[in-house]
Amino acid sequence: HLSIRRQRQMCIRDSTNSSVQFLFDRKGVFKMAKQGVNLEELELDLIDYGAEDIQEDENEIYIYTRFADFGSMQKGLEAKGIVPISSEKQWIPLSTKEVTDAEADDVMKLIGMLEDDNDVLAVYHTMA
């Protein structure tokens, strides 16, 4: 078993020199309430502000932009009178990996330990 210190040395690097950065794409992600929103109309309105992808689940809509278009999307939403629930820059995996339940438990334990460390700002993974 590796100590947390050794795991950090192996996994955590300066974001500009990350050995796994190529597995992710930096995106702007805006989350908004779905209630009363015409998704097709919203998509047409937000393309000019940099919307690349819009996804929905039962209660929320997620708008994805290129990292460089984050500010433009913020201004576009503001101009349309839309207040997002959240807006942040995230590392989105380019591909995901299926894992067993046991592997997922182990990975989630490691992620939990990393997130509990005050020096860790965020943890991203490619687990499906």
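The values are calculated or read from the model by the stated rules, or taken from the named source; none is laboratory data. What you see is a predicted model; the values in this text were computed from it and never measured. All Cβ positions, even for glycine, are placed from backbone atoms using ideal geometry, and neighbour counts span all protein chains on display. We work out accessible area using only protein heavy atoms, side chains counted, and drop any ligands, DNA or RNA first. Shrake-Rupley method; radii C 1.70, N 1.55, O 1.52, S 1.80 Å.
The residues of segment 1-44 that are at pLDDT 60 or above, closer than 21 Å to VAL107 by Cα, polar (S, T, N, Q) and part of a loop (DSSP other than H, G, I, E, B), listed by number, are SER3, SER19. Out of VAL99, VAL107, VAL83, one residue alone is assigned to a helix (DSSP H, G or I) and of a type outside the set (D, E, K, R). It is VAL107. A Cβ distance below 9 Å, combined with a sequence gap of six or more or placement on separate chains, defines the contacts here; from segment 111-128, residues that are over 15 Å from TRP91 (Cα atoms) reach residues that are among the small types (Gly, Ala, Ser) and in a loop (DSSP other than H, G, I, E, B) in the pairs GLU115/ALA122.
Looking only at residues of segment 69-128 that are closer than 30 Å to ALA33 by Cβ and charged (D, E, K, R), we find that the one that is farthest from the chain's Cα centre (by Cα) is LYS80. All of (1) within 20 Å of THR96 (Cα to Cα); (2) open to solvent by 60 Å² or more (accessible area, probe 1.4 Å) hold for GLY28 with one exception: (2). Within segment 109-119, being farther than 24 Å from TYR64 by Cβ and either of a type in the set (Phe, Trp, Tyr) or surrounded by 10 or more Cβ atoms within 10 Å (Cβ to Cβ) (or both) holds for LYS109, LEU110, GLY112, MET113, LEU114, ASP117.
Scanning segment 39-71 for residues that are open to solvent by 90 Å² or more (accessible area, probe 1.4 Å) and touching a helix residue (DSSP H, G or I) at 6+ places or on another chain (Cβ under 9 Å) turns up ASP48, GLU52, GLU56.
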